[in-house]
1. How many angstrom separate the Cα center of the range 163-206 from the Cα center of the range 51-91?
2. Semi-axes of the range 122-232's equivalent ellipsoid from the Cα gyration tensor, sqrt of 5 times each eigenvalue, largest first, rounded to whole Å?
3. Pick from Ala161, Ala114, Ala347 the residue whose mean-square fluctuation is largest in a GNM of the chain, springs joining Cα atoms under 10 Å.
4. Just the number, please: carbon plus sulfur as a percent of the accessible area of the range 45-158, 1.4 Å probe, no ligands or DNA/RNA counted.
5. Counting pairs of alpha carbon atoms under 8 Å apart in space and at least six apart in sequence, what relative contact order in percent does the chain give?
6. Students often check this: by mean Cβ neighbours within 10 Å, which of 143-153, 82-92, 173-183, 297-307 ranks highest, and how do the rest follow?
7. Would you calculate, for the chain, the mean residue ellipticity at 222 nm contributed by helices, counting each DSSP H stretch of 4 or more residues as -39,500 (n - 2.57) and dividing by all residues, to the nearest 500?
8. Nearest 20 debye, what's the magnitude of the dipole of the range 1-70 about its Cα centre given +1 on Lys and Arg Cβ and -1 on Asp and Glu Cβ?
Amino acid sequence: MQGDLLESISASDVSGALAVFDESIARGADPWQIHLSLFPVVQRVLNPPFINPHLPKMYRIICELAPGIDKTYWPALVRLETNEYARRPKLPKTGARKIPAVNIEFGDIEKSLAGSDTNETAGLMSAFLSGEGPEEFCRRMLLLGSGYLDKSLGHSISCTAFILFECVERKDQDPWPALAMLADYFHKGRFHSVPALRPKPIPVEAMRHHLLRAASGGGIVNLHHTITIYAIDRARHLFGIEEQNHLVRSWIDFLGEKEAKPVSTEREGKTSADYSTFFETFSRLVPGEALSALPGPRSKTDRATIANYLIRGVCDLYQGDYNPHHLTGLAALLWVLDSFPDRHDLAITALHQYLDYFCSDLKS
């Protein structure tokens with residue numbers, strides 16, 4: 001049954017993929033096992049006209065969202081992603097290119113990226129991964145991506161990070177499809193040179209201000225400011241302090257001259273009596289009303305309620321055609337709420353940023 005699902009998604013057969021999925025759930029299949037089984041085909045999913053691998057990134061981010069809702073809602077979440085993968089075009093399947101891991105340096109990957117042979121680059125990535133290990137491969141790829149945040153709208157780190165996390169942690173899967181996708185993306189983006197390191201530390205108060213700047217403003221560019229720092233933080237374990245400082249400084253440059261515009265907390269509401277009451281308001285797609293229907297994110301319990309209501313709400317409003325940022329942006333928002341519980345100004349501003357983006361996008 002899982003083979004049929006992968007074949008349907010690979011063939012971009014939406015109705016066939018959903019039929020197989022629905023039959024599997026009706027027979028008692030575990031939706032999370034279905035999610036895990038999608039790895040090989042997900043890494044090939046494209047999102048034209050954009051070159052960024054939004055869908056493989058979304059696949060990993062689903063792992064961060066799923067714990068925020070009751071398991072009874074997992075079928076809706078996995079059905080949503082199944083539909084999204086099926087309806088988009090795919091990279092063609094390619095056989096893994098075997099290159100001996102002996103004496104492969106990261107400079108060989110950079111040199112290949114400056115050329116035109118995507119399959120060669122993926123082979124060199126595979127060899128470096130085997131020879132130097134997953135942490136070193138991830139570290140070097142993200143440092144390479146840090147030089148292109150302006151050019152890529154942050155995706156050279158945000159997509160790369162989440163694809164790599166899934167690639168190296170799934171010991172049960174062949175990493176080749178993910179490496180082929182990354183090679184294709186870095187070639188298309190012309191990302192081929194690791195920038196000079198900028199290790200100077202960022203003062204704590206300055207960082208607080210930059211986070212508020214990132215969460216300010218509506219639209220896709222501003223949302224990516226938040227998504228990018230979310231990815232950088234998730235990759236923190238791979239870097240020493242000087243490299244982490246460099247990544248953050250690259251992100252600060254990406255913010256440009258943008259000003260912080262905190263949203264007034266006067267509009268925050270109280271917890272809706274239940275989810276259905278919240279959803280009635282949320283479904284009207286008015287950002288201020290949706291914000292007022294959520295609790296103020298001051299306590300761990302209230303933050304859990306926000307996560308539960310928003311993940312479920314995003315699933316319940318799904319009509320078969322979603323922008324992947326509806327999920328990746330939501331995960332970045334929930335990271336803000338959980339990571340900075342003492343920053344009420346930041347939390348409310350980030351909530352408004354996401355709700356404004358989601359509601360505006362659905363209305364359009």
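1. 20 Å
2. Ellipsoid half-lengths, sorted descending, are 27, 15, 14 Å.
3. In this elastic network of the chain, the residue with the biggest mean-square fluctuation among Ala161, Ala114, Ala347 is Ala114.
4. The computed percentage sits at 52.
5. Values: 514 pairs, mean separation 65.6, N = 364.
With pairs under 8 Å counted, the relative contact order is 18 percent.
6. Working: 143-153: 20.9, 82-92: 18.9, 173-183: 22.7, 297-307: 16.9.
Output ranking for 143-153, 82-92, 173-183, 297-307: 173-183, 143-153, 82-92, 297-307.
7. Details: 20 runs with 235 residues, N = 364.
Mean residue ellipticity, 222 nm, calculated: -20000 deg cm²/dmol.
8. Details: 4 positive and 8 negative charges, 66 e Å.
Its charge dipole is roughly 320 debye.
The values are calculated or read from the model by the stated rules, or taken from the named source; none is laboratory data. These figures come from a predicted structure and were not determined experimentally. Every residue, glycine as well, gets a Cβ built from its backbone with ideal geometry; the counts of neighbours run over all protein chains shown. Areas reflect the complete protein model, heavy atoms only, side chains present, ligands, DNA and RNA absent. Shrake-Rupley method; radii C 1.70, N 1.55, O 1.52, S 1.80 Å.
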